[in-house]
Structure formats: C-alpha cells, structure tokens
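First up is the structure itself, then whatever we jot down about it.
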Amino acid sequence: MFDYFRGITETKDYKAGETIFHAGDPDDKMYAVKEGEVELLFNGELIEVVGVSGILGEKSLLDDSPHTTTAIAKTDCKIAIVDEEKFLWLVHETPMFALHVMRVMAKRTREVMMISFK
C-alpha cells in the first residue's frame, strides 16, 4: 500500500486501549495510522482493524459532522493528523488519494449497513 502520509509531521501517540475519538464527537480532521493498529467500532461492533497507512475520521473531515464511529488504539499507535489544508494538498499532489478515500468510505458504509441489517 502506498504511504500517502509519510510527509505528514503532525502526529499524536496513543497507548493500547486509549480512545482516539468517540461516535458523536465533533471534528474536522482525518487521521492516518503511521504505527500500530486501531479498532473502528460502529454501535459497539468492530467493523475494521485499521493498520499502517489506513485512515480514520474521513467523513468528519469532508462534511464537518460528528464521527459516526469510535476509534480505539488496539496497540500503541502513532497517528497522523490531517486537516483540510493537508487533505487538499494530498489530493492535489497525489490524485489517486481521493479515489483511495472514496473506496475506504464505500467499504465502511457497506460494513455499517451489514451491521445495521443484523
């Protein structure tokens, strides 16, 4: 997988078990896993374990709405913080990044729909 985030220097460290964000939290940033793994939960159910170069919170960045999922560090993690300016730079410099984000959103939407229909 291509590391879109290698040039992002604003990061935050999380210990295993620490919450990165909760469903319902307002936010306007996206996050990328630089080290470790993060569990992404919808209504308490695991929808994905996000590894290195994976993204979180992309919908909140795009529509400035609260998170619909909860993200918890599965292992000790280093998380890159991507604001709108950095996001637009990534799209400009690597146009395939936008397609990558759309694919992630589509996959997660399908996962959430499967949980909702159980």
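The values are calculated or read from the model by the stated rules, or taken from the named source; none is laboratory data. From a predicted model like this one, the values you see are computed outputs, not experimental measurements. Cβ coordinates were reconstructed from backbone atoms using ideal geometry, including for glycine residues, and neighbour counts include every protein chain displayed. The accessibility values were calculated without ligands, DNA or RNA, using every heavy atom of the protein model including side chains. Shrake-Rupley method; radii C 1.70, N 1.55, O 1.52, S 1.80 Å.
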So which residues in the range 79-103 are more than 20 Å from residue 10 (Cα to Cα) and buried (at least 17 other Cβ atoms within 10 Å of the Cβ), if there are any at all?
100
Do the conditions hold for residue 34, that is, is it over 19 Å from residue 106 (Cβ atoms), in contact (Cβ under 8 Å) with a residue 60 or more places away in the chain and of a type outside the set (A, V, I, L, M)?
no
So which residues in the range 5-27 are closer than 20 Å to residue 44 by Cβ and small (Gly, Ala, Ser), if there are any at all?
16, 17, 23, 24
Name the single residue, out of those in the range 26-78 being farther than 18 Å from residue 97 by Cα and β-branched (Val, Ile, Thr), that is most open to solvent (accessible area, probe 1.4 Å).
68
Scanning the range 3-25 residue by residue, those open to solvent by less than 80 Å² (accessible area, probe 1.4 Å) and outside any loop (DSSP other than H, G, I, E, B) turn out to be 11, 14, 19, 20, 21
